[in-house]
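This report concerns only the one structure given below.
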Amino acid sequence: MSDEAVLDRATQALRRHTDRGWTVVRENALLRALSAFRPSAPVRGRTATPAGAADYFVAADVVVAALREGVSAVQGAAPLTITCSTDDHDRLVDVTIEVVAAFDDPLLPLAAAVRRAATSRLRVVLGDLAPLAGAVAVHVAITDVTDDPREL
């Protein structure tokens with residue numbers, strides 16, 4: 001059933017309910033609305049072509065998924081939340097990666113490894129000509145420590 005048909009059915013059902021019934025239906029309607037497709041912000045990438053440099057756009061959700069995959073490969077760390085910030089021209093300026101670290105691992109080298117993995121993954125997703133060296137701040141926040149971060 002299409003989203004539009006579901007919305008029509010929900011609207012008709014709401015019209016038949018009293019205020020008391022609305023409190024029950026309201027939760028389902030809100031859950032449907034929250035799970036609806038919401039496109040993510042664009043992030044500008046740049047690559048070399050035979051004719052010169054060419055810009056393209058990648059959804060921020062794709063960038064976050066690629067970063068999550070890259071950080072997951074770092075021994076002793078597991079990503080929790082990853083956020084991206086762009087400027088008015090959709091250029092990536094800021095990445096914040098929240099990780100769980102393995103207990104007893106040195107944190108500064110771990111954060112450096114996460115930062116390297118993130119920068120490397122950004123080059124793959126946003127292109128070799130994207131302004132990454134120093135232009136994109138990669139912040140690493142270690143918010144928890146556990147015996148095995150992979151178990152989260």
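Brief remarks follow.
- Placing unit charges on the Cβ atoms of the charged side chains and taking the dipole of the stretch 45-114 about its Cα centre, the candidate lying farthest along the positive direction among Gly52, Ala77, Ala113 is Gly52.
- Multiplying the residue separation of Thr81 and Asp105 by 0.36 nm and subtracting their alpha-carbon distance yields 6.6 nm.
- Accessible area of the stretch 64-143 belonging to carbon and sulfur atoms, whole % at 1.4 Å probe: 55 percent
- Probe 1.4 Å, accessible area per residue of the stretch 38-145, Å²: 54 Å²
- Computed about its Cα centre, the charge dipole of the stretch 50-96 is approximately 240 debye, with only Lys, Arg, Asp and Glu carrying charge at their Cβ.
- Shape call, the stretch 56-152: gyration tensor on alpha carbons, a/c limit 1.5: prolate
- Here the calculated FRET efficiency for Asp148 and Asp8, from their Cβ-Cβ distance with R0 = 41 Å, stands at 0.30, rounded to the nearest 0.05.
The values are calculated or read from the model by the stated rules, or taken from the named source; none is laboratory data. Predicted, not measured: the structure shown is a model, and the values here were computed from it. Neighbour counts are summed over all protein chains in view; Cβ atoms, including those assigned to glycine, are modelled from backbone coordinates with ideal geometry. Ligands, DNA and RNA are excluded from the accessible area calculation, which covers all protein heavy atoms including side chains. Shrake-Rupley method; radii C 1.70, N 1.55, O 1.52, S 1.80 Å.
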